Amino acid sequence: MSKLITIAVDAMGGDSSPKKIIDGIAHHFDKNRNSFYQIFGDKNQINKFIPRSLSNDCYEIIHTNEVVKGDDTPLGAAKRGKNTSMWLAVESVKVKKADIVISAGNTGALLVIAKLNLKMINNIDKPALSGLWPNKKGMSVVLDLGANIECNDKNLMDFSMMGSSLLKALFPDETAKVALLNIGSEEIKGNEIIKNTYQKLSQMNNLNYEFKGFIEGNNLMNGDVNVIVADGFTGNIVLKQAEGIYSIMKKRGLLDEYFTRFNYENYGGTPILGLNKTVIVGHGISNEIAIKNMITLTKNVVEAELTSKIKNHLN
């Protein structure tokens, strides 16, 4: 039997919370009995949605009236946030009362609060938002999806290593194949930062992945590479475009088996890479199915010891 995993849950983050969060926990508990849920938020609101099927010994509610709002600035949320459900959930991981934290709340605020509490892994300068995207041969890890508007060559090299570690954690039988998202496949294409990154990665030995050079936007889904690296500005634009295309196709009834895999509900959330402890962030519009799948992802990430793997690869 798998070890019991303690999950710190920000119950107040995102739209329609805490109902969707509690419903997601209940869906997860129905099929998985190896998790303990620390639920942070307004106890009076949360208790309204706790179902009888949820065993009393699988959760505790840590009460707070304070909430990080969706329109809070990251810095503003951090300054006033030490009693918010988000801050307290992250802090629980910091003091080792929980193994991992999840939130579907304000992503910018979560990034700042997590960095303040958990700190960055030594020699990692910036965190990265990662995502799981289907390709024709399986799944790809894509990063950064918006945490860092500007990146230097070291940041992109760190993202390559961290993305590969995530891929291996989730899909142990896969070989990580990394490419840098660029405007062309030739070495002379792109800005100086991405060209410098290409040169450095091409010359490095003992990587935890195969470096495949550049990839253009029209080849992202062909499956020849499975870790795609970009700065947060570029990555976020590509992410929003993919979500927009999926939304249009769904409304028009044009989805097939492949495009259905783009539904974010299937994955629920994604890790913020580069922190000393693991934080999973979900869409603010997540429903209970997405929340359930986000909690399921925590099991895979914790059992794979993702943060330890990243530290080992750095060493």
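Please enumerate the residues belonging to the stretch 21-52 that are open to solvent by less than 80 Å² (accessible area, probe 1.4 Å), over 22 Å from the mean Cα position of the chain (by Cα) and under 22 Å from GLY268 (Cα atoms).
Of everything in the stretch 21-52, those that are open to solvent by less than 80 Å² (accessible area, probe 1.4 Å), over 22 Å from the mean Cα position of the chain (by Cα) and under 22 Å from GLY268 (Cα atoms) turn out to be ILE46, PHE49, ILE50, PRO51.
Are any of the residues in the stretch 235-242 touching a helix residue (DSSP H, G or I) at 6+ places or on another chain (Cβ under 8 Å), open to solvent by 60 Å² or more (accessible area, probe 1.4 Å) and without any contact (Cβ under 8 Å) to a residue 60 or more places away in the chain?
Checking the stretch 235-242: not a single residue is touching a helix residue (DSSP H, G or I) at 6+ places or on another chain (Cβ under 8 Å), open to solvent by 60 Å² or more (accessible area, probe 1.4 Å) and without any contact (Cβ under 8 Å) to a residue 60 or more places away in the chain.
Just to verify a result, which residue in the stretch 165-186, among those that are farther than 25 Å from PHE233 by Cα and not in a loop (DSSP other than H, G, I, E, B), is modelled with the highest pLDDT?
Top of the filtered list is LYS168.
Check whether at least one residue in the stretch 257-267 is among the basic types (Lys, Arg), in contact (Cβ under 8 Å) with a residue 60 or more places away in the chain, touching a strand residue (DSSP E or B) at 6+ places or on another chain (Cβ under 7 Å) and under 23 Å from LEU170 (Cβ atoms), and report yes or no.
The answer is yes; a qualifying residue exists.
When you go through ASP15, ASP10, ASP71, ASP23 one by one, which is the residue that is out of contact with any helix residue (DSSP H, G or I) (no Cβ under 6 Å at 6 or more places or on another chain), under 17 Å from GLY284 (Cα atoms), touching a residue at least 40 places away in the same chain (Cβ under 8 Å) and among the charged types (D, E, K, R)?
Matching residue, one of ASP15, ASP10, ASP71, ASP23: ASP15.
Can you tell me which residue within the stretch 53-107, out of those that are small (Gly, Ala, Ser) and touching a Ser or Thr at 6+ places or on another chain (Cβ under 7 Å), is surrounded by the fewest Cβ atoms within 10 Å (Cβ to Cβ)?
Only one residue tops the list, namely ALA98.
In the list VAL229, VAL225, VAL238, which residue meets the criterion of being under 17 Å from the mean Cα position of the chain (by Cα), under 16 Å from MET162 (Cβ atoms), of a type in the set (Val, Ile, Thr) and modelled with pLDDT of 90 or more?
The match here is VAL229.
Which of the numbered conditions does THR73 fail, given that it passes all the others? Conditions: (1) in contact with a strand residue (DSSP E or B) (Cβ under 9 Å, 6 or more places away or on another chain); (2) under 15 Å from GLY105 (Cβ atoms).
(1)
Can you tell me which of ASN122, ASN148, ASN135 is polar (S, T, N, Q) and farther than 21 Å from GLY217 by Cα?
ASN122
Taking the stretch 1-39 as the search range and keeping residues that are assigned to a helix (DSSP H, G or I) and of a type in the set (Lys, Arg), which one is modelled with the lowest pLDDT?
Only one residue fits best here, namely LYS31.
Taking the stretch 273-314 as the region of interest, how many residues are open to solvent by 20 Å² or more (accessible area, probe 1.4 Å), in contact with a Gly (Cβ under 8 Å, 6 or more places away or on another chain) and either free of Cβ contacts under 8 Å to residues at least 24 places away in the same chain or in a helix (DSSP H, G or I) (or both)?
Total meeting the criteria: 5.
Can you tell me which residues in the stretch 243-272 are charged (D, E, K, R), in a helix (DSSP H, G or I) and surrounded by 12 or more Cβ atoms within 10 Å (Cβ to Cβ)?
Within the stretch 243-272, GLU243, LYS250, GLU265 meet the criteria.
The values are calculated or read from the model by the stated rules, or taken from the named source; none is laboratory data. In this text the structure is predicted, and so the values were computed from the model without any measurement. Because the Cβ atoms are built from the backbone with ideal geometry, glycine has one as well, and the counts that use them run over all protein chains shown. Only protein heavy atoms, including side chains, enter the accessible area calculation; ligands, DNA and RNA are left aside. Shrake-Rupley method; radii C 1.70, N 1.55, O 1.52, S 1.80 Å.
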